[in-house]
Every structure is written in C-alpha cells, then in structure tokens.
Amino acid sequence: MKKIILITSLSIACLFSFESCSRKIMRVDTNEQIDISGRWNDTDARLSAEELTGQILTGNWLNSFVLQKGKKPVVIVGLVRNKSHEHIDAEIFTKEIEKAFIKHQKARIVQGGKMREELRAERADQQENSSLSTMKKFGLESGADYILQGTINSVVDAHKRQKVVYYQIDLELTDVQTNEKVWIGDKKIKKYVKN
C-alpha cells in the first residue's frame, strides 16, 4: 500500500514539475516589438527599412530625375553586406526596402541577383518550348537607372553582465550609367542589454 501511495505521489510530483517547465508558445502581432536577446531582429529590419526608404524617397535625386526624364526611375536593390558581429539575414531587410518602394510608387523596382538569373533561364526555356504568341523575348528588360547597395555594421561594448550594441546601416544609391552617388543615408540603432 505504501508503495502505491509513494508511486502515485511521485507521479503527481513529476506531472506538476513537467507542467511548470513546459514551454508556452503564443501567436503575437508581427508588428509587436519583442526584444529577447538584444540581437538584431525583425523589428530592427522593419524600422530601418521604413526610415531609410523614407529618406530615399524624399531625396533631391528623385525630383531631379523626374524633372529631367519625365518618368519614374528604375531601381535595383543590390547587396547589403553584413559586416556586423552577428548573423543577420540582410535579405529580410532588402525585401522590406523593395516593398516600401513598391508601396509608395515613386520608383520602379526591377529584379536582381539569383531571381533575375531564374527569370532569364525561364525566358531562355520559352524560346524552345512556348508558342510564338506567348513566348517572352530577350532584350526587353527594363534597365536600372540606379542601384541601391549598403552595409550593416556593429560595435559591441561589454563589461560583466552589461553590454551596449550599436548598429549602423549605411545605404548608397548610385547612378548605374555614370557611377555617381546620388544619395547616401544611414540608420543607427543602439541597444542596452543587462543580464
């Protein structure tokens, strides 16, 4: 009898112990700012992209281009290199910039990088496998007037259980024809982390 009570008591204790240590997961709004580790996160990417795109779209280069050419410029979002101390997926950041450009409709965005290569491979495949009426031709892509490139850098200052992490995102917009930098902007983020 004592063994049954002991086993039952241990089983209940283990159940409560397991219950209190179990993970709790809940869905949250994707715009909600949650900063658990102090590292670069989705909020940093989104806020940086919004601010930098706002700077780009209010820059003098845009009005000058529209007045001179009478149309919206074509922009390709190039590489944003991660030179920080941690792993940052820069593609999340660049996609946010592309979305902001498209949302504001002040510039046209063309595909770049590996996705452009995939489009060109599809166009090449169509030359042999599609009907003449639906085949897409080579040589009709919209050429970019400008390329947007940049870097993400960081500085960490730490002592014992405290640290300050500083991020600086620098972007440059360059005229593809002349190689002239027409806009330079930055976004700075500073985080204080205490353990």
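Computed values, structure above
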{"quantity": "Neighbour-count order for 140, 47, fewest beta carbons within 10 angstrom listed first", "calculated": "140, 47"}
{"quantity": "Set of aspartates and glutamates with alpha-carbon distance to residue 114 below 17 Å, sequence-local pairs under 8 removed", "calculated": "89, 91, 98, 122, 125, 141"}
{"quantity": "Cα-Cα over 28 Å, subset of 69/187; 95/188; 83/106; 83/136; 24/190; 24/83", "calculated": "69/187; 83/106; 83/136; 24/190; 24/83"}
{"quantity": "Candidate values (1) 27, 21, 15; (2) 49, 27, 14; (3) 33, 16, 13, label of the one derived for semi-axes √(5λ) of the Cα gyration tensor in Å", "calculated": "(2)"}
{"quantity": "Full-extension gain in nm, residue 35 to residue 163, via 0.36 nm per residue minus C-alpha separation", "calculated": "44.6 nm"}
{"quantity": "Cα-centre dipole for the chain with unit charges at Cβ (Lys and Arg positive, Asp and Glu negative), debye to 20", "calculated": "720 debye"}
{"quantity": "Karplus (6.51, -1.76, 1.60) ³J(HN,Hα), θ = phi - 60°, over the range 136-148, in Hz, Gly and Pro reported as x", "calculated": "8, 8, 6, x, 10, 5, 7, x, 6, 7, 9, 10, 9"}
{"quantity": "Relative contact order for the chain, counting Cα pairs under 8 Å that sit 6 or more residues apart, in percent", "calculated": "21 percent"}
{"quantity": "Trypsin sites (Lys or Arg not before Pro) restricted to the range 123-195 and DSSP loop, no more than 10 other C-beta within 10 Å", "calculated": "137, 160, 161"}
{"quantity": "Positive dipole terminus of the chain, leading residue within 113, 60, 168 (C-beta point charges)", "calculated": "168"}
{"quantity": "Ranking of 167, 192, 146 by count of other Cβ atoms within 10 Å, fewest first", "calculated": "192, 167, 146"}
{"quantity": "CD proxy at 222 nm, helix term only [per DSSP H run n ≥ 4: -39500 (n - 2.57); per residue of the chain; nearest 500]", "calculated": "-13000 deg cm²/dmol"}
{"quantity": "Ranked 26, 115, 135, criterion: other C-beta atoms within 10 Å, fewest first", "calculated": "26, 115, 135"}
{"quantity": "Reach of residue 194 by Cα under 15 Å, taken over aspartates and glutamates that are not fewer than 8 positions away in the same chain", "calculated": "35, 157"}
{"quantity": "Of 150, 140, 47, farthest towards positive along the dipole that unit charges on Lys, Arg, Asp, Glu beta carbons give the chain", "calculated": "47"}
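Readers should treat all values here as calculations from the given coordinates under stated rules, not as data from a laboratory. Keep in mind that what you see is a predicted model, and the values were worked out from it rather than measured. Every residue, glycine among them, receives a Cβ derived from its backbone with ideal geometry; neighbour counts consider all protein chains shown.
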